[in-house]
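Colleague: What follows is a structure written as structure tokens; I'll ask about it next.
The values are calculated or read from the model by the stated rules, or taken from the named source; none is laboratory data. Nothing here was measured: the structure is a model prediction, and the numbers come from that model. All Cβ positions, even for glycine, are placed from backbone atoms using ideal geometry, and neighbour counts span all protein chains on display. We work out accessible area using only protein heavy atoms, side chains counted, and drop any ligands, DNA or RNA first. Shrake-Rupley method; radii C 1.70, N 1.55, O 1.52, S 1.80 Å.
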Amino acid sequence: MKNWKRYTITSALPYANGPIHIGHLAGVYIPADIYVRYLRKRGKDVIFIGGSDEHGVPITIKARQEGVSPKDIVDRYHNIIKKSFEDFGISFDIYSRTTNKTHFETASEFFKKLYDKGEFVEKTTEQYFDTEANQFLADRYITGTCPHCSNEKAYGDQCEKCGTSLNATDLINPKSTISGSKPIKKETSHWFLPLDKYESFLRKWILEDHKEWKTNVSGQCKSWLDMGLQPRAVSRDLDWGVPVPVEGATGKVLYVWFDAPIGYISATKELTKDWEKYWKDEDSRLIHFIGKDNIVFHCIVFPTMLKAEGSFILPENVPANEFLNLEGDKISTSRNWAVWLHEYLEEFPDKQDVLRYTLCANMPETKDNDFTWKDFQLRNNSELVAILGNFVNRAMVLTSKYFEGKVPAKGNVTDVEKELDKAIIALKADIENSLENFKFREALKALMDVARLGNKYLADAEPWKIYKTDPDRVSTILYYSLQIAGALTSLCEPFLPFTSQKLCKMLTVSTQNWEDVGNIHPLSEGHLLGESFLLFDKIEDDAIQSQVDKLLATKKANDEKSLPVVEAKPEVSYDDFTKMDIRVGTVLEAERVPKTQKLLKLKVDTGLDVRTLISGIAEFYSPESMIGKQVCILANLQPRNIKGVESKGMILMAEGTDGTLKLISPTEVSLNGATIK
RNA sequence: GGCGAGGUAGCUCAGCUGGUUAGAGCGCAUGAUUCAUAAUCAUGAGGUCGACGGUUCAAGCCCGUCUCUCGCUACCA
């Protein structure tokens, strides 16, 4: 295995349009922090990079909604995020932000270099342009009627009601959200990074040279590679971001996904003059901690950027985690379905390590996991309190009872004690192996096994029983028990830094070098221990219940919010109405359209003719159930080719707010061709 | 529909290139114990390893079909 001289550890830059929640922590920051603290403990040269990602369209939209500037938004969230990370003990060497001057310069230079090398492809496309506001419109800045569900508030990139992803040009009656005017299509040119040119390089680099990557990561990459890569735009028409450093590119900024990962480099520059060592020396090991939503950017796009630039090293590993759910539902910032870090820190003061422990023990390493408050309580009460806290407390109480709080003499060591030392060294090795392979849950378990070892030792040795008859033996037992507690100060430091500090205070020692743990006893005979206190408190049912209630309230609020009636449409004339040829028809044949999830192909007798049409109702109606049904159809709708079949007309359906579709039929059988008016 | 990941004890998860009676933690039951925040320690119950079929002397692990969950992607007039 390569002997790395230094480590460059990055953690995904959180997007500055909301605070940090447990999903971010479990997915990215806790594993990164544990890994970094572990490396530091081993005396490695390591830098830990973090920062806020502050550009991009969603921030400008949020700003507009609130009537403030984008800078106000990012300042607000950057400060909340930064403070909550600090209070939580995420030990960044630097927590920067992408609105910094250094970042503007770095990102700009990076782009310029690729530009000068001719790495980009320039393309001209048509985009919507707001003539009143005199600017191009990002997809998110356009609303219109969703061509699928008729929701009139669909965005240019996605309809939030039916979940369909859209192109802005698909929208019916597009409207600029900036001025409210109807946008026009206008040509604009942008720079594209030709990922396709790097496809074979990426394929070899990921799938052959890095077989050690997690299966979820390489699997996702393979999927992208097999689908074929396309050139990707790296600039946008927007006034919020890093300006494109090319003449004539006014009004254009770097695409947020281009500038954000460069933020890792900018932050390193701010941190140290020696930044190039960490980014350009082959002996530096670059590791990106991210969530699964970022895999494509960190494994495909950013490496391509670095490769194209030419002077940078590439990531050695990208240990992406899956997602954490909350009480069975997806975490969602917009739906307020989350446990927010800054709130947790207030509501559970001095319990950083409880959350760190719970999220580590339940980390979504191989698949999505669920966080429940019940589990949080259980892990605290039956693991942290009962195993770790209890062991330390037992050792302390016994020592103060029998030896006035001083580390007693080592005395005659038996095989049991020798085995104990060996076991600690073995568990330390387990922790190392697990962490080197990014198996954080496994590492945490090995840590707890050290405390288990202590509990078992005490239970087997029973010092309270033999004190009267053999105080010297008790002296040895407690000497060793305390050494285990001493070893725990160091071993738990990466995982539970606050507990490590408390334990040090209790034992009046400092943590050891990692190498010494298990080999050198940290506490000397006669050493005076500090005051004993509880490392962890039980968490009672009412504390858990109030958190559950809080979530239930959120759920209720969301349910009420998600039942809006689609708003009224503008008035139409009777003439407008009569243009529609709506009539009754009978379904003669029905079959699923192959290779689709939602489509049925129907043959309908309309009275006028027998025609074929396609309808997106397969999720609600089986082909068999449709045959013989009378339906209402819009018969004079412009025909359209769908999946190779010409669809003439549209079946009318009643749509619920949840997107379910219900067939509309005449309540009594009517003649085919009967018109509806 | 295509692609990727996953479906192993009540819960959360391990199971190396296929090899005797499938493992851990928590929960549960019983016993021991009292130094400890009724904590600890020991023992035990619990699984047709998503379903079916196949390859093999032998399959949780390999192959095929199907099914469910998550993600990406296509489709929705």
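Colleague: Quick check: residue separation of residue A:348 and residue A:634 times 0.36 nm, minus the Cα distance between them. What number comes out in nm?
Modeller: 97.1 nm
Colleague: Starting from the Cα of residue A:472, step 7 Å along the direction of its Cβ; do the same at residue A:677; then give the gap between the two resulting points in nm.
Modeller: The two pseudo-label positions are separated by 11.4 nm.
Colleague: Right, something else. Per-residue counts of other Cβ atoms within 10 Å, averaged by peptide: what ranking do you get for A:22-35, A:455-468, highest first?
Modeller: Going by the mean number of other Cβ atoms within 10 Å, highest first, we get A:22-35, A:455-468.
Colleague: Okay, moving on. Could you work out [θ]222 nm for chain A from helices alone, using -39500 (n - 2.57) per DSSP H run of at least four and dividing by all its residues? Round to the nearest 500 deg cm²/dmol.
Modeller: -11500 deg cm²/dmol
Colleague: Moving on to the next point. Grab the Cα-Cα distance for residue A:181 and residue A:372, subtract it from 0.36 nm times how many residues apart they are, and report the gain in nm with one decimal.
Modeller: My answer for the length gained is 64.1 nm.
Colleague: Now for a different question. Quick one: pull the percent of accessible area on the stretch A:344-516 belonging to carbon and sulfur, 1.4 Å probe, ligands and nucleic acids left out.
Modeller: 49
Colleague: In whole percent, how big is the carbon plus sulfur part of the accessible area of the stretch A:66-110, probe 1.4 Å, protein atoms only? Before the final figure, lay out each step's value.
Modeller: Details: 950 of 1960 Å².
Percent of accessible area from carbon and sulfur atoms in the stretch A:66-110: 49.
Colleague: Now a separate question. If one computes the Cα centroid of the stretch A:476-545 and of the stretch A:410-450, what distance in Å separates the two points?
Modeller: Computed from Cα coordinates, the inter-centre distance equals 15 Å.
Colleague: Moving on to the next point. Quote the accessible area belonging to residue A:574 in square angstrom, nearest 10, computed with a 1.4 Å probe and with ligands, DNA and RNA left uncounted.
Modeller: Approximately 150 Å² for this residue.
Colleague: Residue separation times 0.36 nm, minus the C-alpha to C-alpha distance between residue A:334 and residue A:79: what's the value?
Modeller: So the extension gain works out to 89.9 nm.
Colleague: Continuing with this model, one more query. Using protein chains only and a probe of 1.4 angstrom, how many square angstrom of residue A:668 are accessible, to the nearest 10?
Modeller: Answer for residue A:668: close to 140 Å² accessible.
Colleague: Under a 1.4 Å probe, what is the accessible area of chain A per residue, stated in Å²? Could you put the intermediate results ahead of the total?
Modeller: Details: 31310 Å² over 677 residues.
Accessible area per residue, chain A: 46 Å².
Colleague: Same structure, new question: Going by average Cβ density within 10 Å per residue, which order do the peptides A:442-450, A:267-275 take, highest to lowest?
Modeller: Top of the packing list down: A:442-450, A:267-275.
Colleague: Follow-up. Please list, short to long, the whole-number percent of alpha-carbon pairs of chain A in consecutive 20 angstrom bins beginning at zero.
Modeller: 15, 39, 30, 13, 3, 0
Colleague: Moving to a separate point now. Measure off 7 Å from each Cα along the Cα-to-Cβ vector at residue A:3 and residue A:209, then give the distance between these two points in nanometres to one decimal.
Modeller: The modelled label-to-label distance comes out at 2.3 nm.
Colleague: Cα-Cα over 27 Å: which of A:374/A:439; A:82/A:214; A:550/A:598? Kindly include the intermediate steps, with their values, before the conclusion.
Modeller: On the way: A:374/A:439 24 Å; A:82/A:214 29 Å; A:550/A:598 37 Å.
In this structure, A:82/A:214; A:550/A:598 lie more than 27 Å apart at Cα.
Colleague: Another question, if that's okay. Relative to the compact globular guide of 2.2 N^0.38 Å, what is the alpha carbon radius of gyration of the stretch A:283-427, as a ratio?
Modeller: Scaled against compact globular proteins, the figure is 1.56.
Colleague: Please identify which residues in the stretch A:347-379 have an amide N closer than 17 Å to a label point set 7 Å out from the Cα of residue A:542, following the Cα→Cβ vector.
Modeller: Under cut-off, by backbone N: A:347-349.
Colleague: Going by the alpha-carbon gyration tensor, a ≥ b ≥ c the square roots of its eigenvalues, is the stretch A:231-355 rounded (a/c under 1.5) or, if a/c is not under 1.5, prolate (a/b greater than b/c) versus oblate? Display every interim value, and only then the final one.
Modeller: Details: a/c = 1.97, a/b = 1.46, b/c = 1.36.
Taking the square roots of the gyration eigenvalues as a ≥ b ≥ c, the stretch A:231-355 is prolate.
Colleague: Any chance you could look up the accessible area of residue A:495 with a 1.4 Å probe, heavy atoms only, rounded to 10 Å²?
Modeller: 0
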